[in-house]
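Read the structure below first, then the notes.
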Amino acid sequence: MSIFDSKYRDKHVSARIARAFFRISQAIKNMLWDECKLKSLTPAQIQTLLFLRYIRPDSATVNTLARSLSSTPATASGVLDALQKKSLILRKRKESDRRVVFLSLTYKGMNTIQKLEGLGYELQKIIEELTVEEQEVLLSALSKIERLLREKEYLLIAETCLTCCYFRLNIHLGAEKPHYCKLFNINLGEDEISRECPEYSELQM
């Protein structure tokens, strides 16, 4: 019984879909490797820079990065060591708990990530060859698969606050940080809610 067995796939639509995911993931890896060669970075290093570019600063820790990379903290630290040698990232220990290490991009790191902003654009253009209706159906199905993978702890889904069940908009009108996160019990400003949070939980409509 294997999704790579054509006879098995003939009998199971789910197996054909799973095989398609493997093929698509390989294509995405090939696209990423092309970009890596141009920037002299590994895929894990690029993923780390993207993580730091869009994650909320208070969530930019080694442990959260490890979850994002689906790796151990030790492996994530190895990736960070290489990026630090390239002067692309900074590490800073939390004053109240020296075990927690916060991560951030250096000026050079920000410049590097800006050159990677087009990453994924080629895949987007391919998706745009589908009709709008096909894209909406695909997005709905993929979102459900993402949630199932997250429940099984195979995937970290970090998203911005606006559609999170813990987010409260404009609780303190006129304040510097008018929004509120019920999960962390903190107030949030406009810049913070535009960043991704690893504890995001989708608001059920």
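No value in this document is a laboratory result; all are computed from the given coordinates. From a predicted model like this one, the values you see are computed outputs, not experimental measurements. Don't worry about glycine lacking a Cβ; one is built from the backbone with ideal geometry, like all the others, and counts go over all protein chains shown.
For the chain, what does -39500 (n - 2.57) per DSSP helix run (n ≥ 4), summed and divided by total residues, give at 222 nm, in deg cm²/dmol to the nearest 500?
-16000 deg cm²/dmol
Quick one: length gained pulling residue 129 to residue 184 fully straight, 0.36 nm per residue minus the C-alpha distance? If you can, show how the numbers build up before the last one.
Details: separation 55, 0.36 × 55 = 19.80 nm, distance 4.10 nm.
Here the answer is 15.7 nm.
Convert 10 °C to kelvin, take the viscosity as 1.306 mPa s, use the Kirkwood radius over C-alpha pairs of the chain as Rh, and evaluate the Stokes-Einstein diffusion coefficient in µm²/s, rounded to a whole number. Write down the numbers at each step before the final one.
Numbers: Rh = 19.4 Å.
Rounded to a whole number, D works out at 82 µm²/s.
Which values of log₁₀ I(q)/I(0), to two decimal places, follow from the Debye formula for segment 159-205 at q = 0.20, 0.26 Å⁻¹ with a uniform point scatterer at every Cα?
Debye intensities relative to I(0), on a log10 scale: -0.56, -0.93.
Exposure proxy check: 1, 31 ranked by fewest other beta carbons within 10 Å?
Values: 1 6, 31 15.
Lowest to highest Cβ neighbour count: 1, 31.
Work out which helices of the chain, taken as complete DSSP H runs, extend at least 24 Å along their axis over the Cα atoms and score a mean Kyte-Doolittle of -1.0 or more, then list them.
Details: long enough: 13-39 (39 Å, 0.03); 132-151 (29 Å, -0.09).
Membrane-span-like by this rule: 13-39, 132-151.
Per 5 Å bin from zero, what fraction in whole % of the C-alpha pairs of segment 19-138 is there, up to the bin with the longest pair?
2, 10, 18, 20, 18, 13, 9, 6, 3, 1, 0
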